[in-house]
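A quick write-up on the structure given underneath.
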Amino acid sequence: MADPNIPQTWDIFCRVIDNFGDAGVCWRLARLLRHEHGLDVRLWIDSPRTLQALHPALDPHSARQTCDGISVCSWPEAGLPEKPAAVVVEAFGCGLPGEWVARMAHAQPPPLWIVLEYLSAEPWVDSHHGLSSPHPQLSLPRYFFFPGFTAASGGLLREADLLARRDAFDAAARAGFWRQSGFRDGGALTLSLFAYADAPLGSLLGALAAGAEPTVVALPEGVLWPAARAFFGVDSLAAGQSLRRGALELRLLPFLPQARYDELLWACDLNFVRGEDSFVRAQWAARPLVWQPYRQDDGAHLRKLEAFLVRHGAGLNSAALTAYRDFMARWNGAEAAEFRAAWPALRACLDELAGHARAWAAHLSTQGELAAKLADFARSRVK
Ligand code: TRH
């Protein structure tokens, strides 16, 4: 439980840029620090409504509340912390408000300031992880903490029981998940789909519908529902509904609470994910995944994709890697969004990709877990 040498109080400061990942990662980190390290955690978030989508028990109108053992403070409604925590985590380099930094500078002793960066598989992460960069004017110790896929990085968030719960999710649990979602699990090839609005959904669904193999696509409510409506030529969609065309069955799901999203990943044979947190969860699910990184104007998202393919692709046979790369390039707009050949090629090596995904998850689980590494990092830097 609590290690007295780890600073006991933590403030996590989260600005929601857009989408769900900022809140998703911060909520997961807060829960790990609280429940696996026994620390006092305050999560300061400027969009409690986004967090409520992930954790429905949260009251988005409350300035301060305790949820799942974590003190959730809506910022700026909740004002400033009376006293900054011993460790202040600035999530994704979102920038702490000036009045926060001033209060930190006056605290005795000053808190440890950790900037939690975005996840990347790029090689430079290892040499940047843990570097200090003191505040230009104030004597506040500030460090940069980089998640990553190597032992030298900050690692990935993972609950202690996650892999055991994944492995216990058997055929009966899979059937139960679909039944609870309003569907009968007929054992067909099943894909989950979570992507950005610019994903070429219509082209993918067309290739699946034209295929010979019955294929289920599970689509939680979100930005891709308009493209699904257009594909099927319907005016509305509702969770629990399924639409069919040729070999394709599209199953509409609600946006699931974060705690249940893992079950969707475990209930599928291939998972389309995006951004950061769902991307990591799909790797822990040990199923093949197709990733759409968050688009960045300078093309940095394609460099992140390439870096992942280089790391993850090592050990894959060349035919499987070629099909995987080609499909990911088309899904991410680096190649024509045409799947009539790319999908059958990917489908043909899905068993190889599945075995590789299991080995990859096992490899990642030996690398040290992010919240534990963060707690250890704080322990070693707080006098
Ligand atoms: O929503 P995202 O696109 O968030 C993005 C990324 O984090 C990106 O790195 C960041 O720069 C940008 O926000 C600002 O994708 P991500 O990271 O996968 O977060 C989605 C969260 O939603 C994740 O915790 C999984 C969760 N989720 C559910 O809880 N239920 C669902 O039904 C689905 C589909 C997702």
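Using the Cα gyration tensor of segment 155-211, with a ≥ b ≥ c the square roots of its eigenvalues, what is the shape: rounded (a/c below 1.5), prolate (a/b larger than b/c) or oblate (neither)? Oblate, because a/c is 1.5 or more while a/b does not exceed b/c.
Left without a cysteine partner by the 4.7 Å Cβ rule in the chain: CYS67, CYS73, CYS94, CYS268, CYS349. Taking the 1.4 Å solvent-accessible surface of segment 162-364 as the whole, the part contributed by carbon and sulfur is 54%. Residues whose amide H lies under 5 Å from that of GLN292, counting only those 5 or more places away or on a different chain, are VAL273, ARG274, GLY275; hydrogens are built 1.01 Å from N in the peptide plane. The residues of the chain expose on average 41 square angstrom of accessible surface per residue, using a 1.4 Å probe on protein heavy atoms. Note on the chain: antiparallel DSSP beta bridges, both residues inside, total approximately 20 percent of the bridges counted. Between amide H atoms placed 1.01 Å from N, distances below 5 Å from LEU43 occur with ILE12, SER71, VAL72, CYS73, all of them 5 or more places distant or on a separate chain. Rounded to the nearest 10 degrees, the angle from helix 171-180 to the longest Cα principal axis of the chain is 90 degrees. Which shape class applies to segment 6-149: rounded if a/c is under 1.5, otherwise prolate when a/b exceeds b/c and oblate if not, where a ≥ b ≥ c are the square roots of the Cα gyration tensor eigenvalues? Taking the square roots of the gyration eigenvalues as a ≥ b ≥ c, segment 6-149 is oblate. Is segment 162-364 best put as rounded, prolate or oblate by its Cα gyration tensor, with a ≥ b ≥ c the root eigenvalues, rounded for a/c under 1.5, and otherwise prolate when a/b is larger than b/c, oblate when not? Rounded.
Mean silhouette area of the chain, derived from the convex hull of its C-alpha atoms and averaged over all directions, reads 19.1 nm².
The values are calculated or read from the model by the stated rules, or taken from the named source; none is laboratory data. Treat the numbers as computed from the prediction; the structure is a model and nothing was measured. As a convention, Cβ positions derive from the backbone with ideal geometry for all residues, glycine included, and neighbour counts pool all protein chains shown. When the accessible area is computed, the model is the full protein with side chains, heavy atoms only, and any ligands, DNA or RNA have been set aside. Shrake-Rupley method; radii C 1.70, N 1.55, O 1.52, S 1.80 Å.
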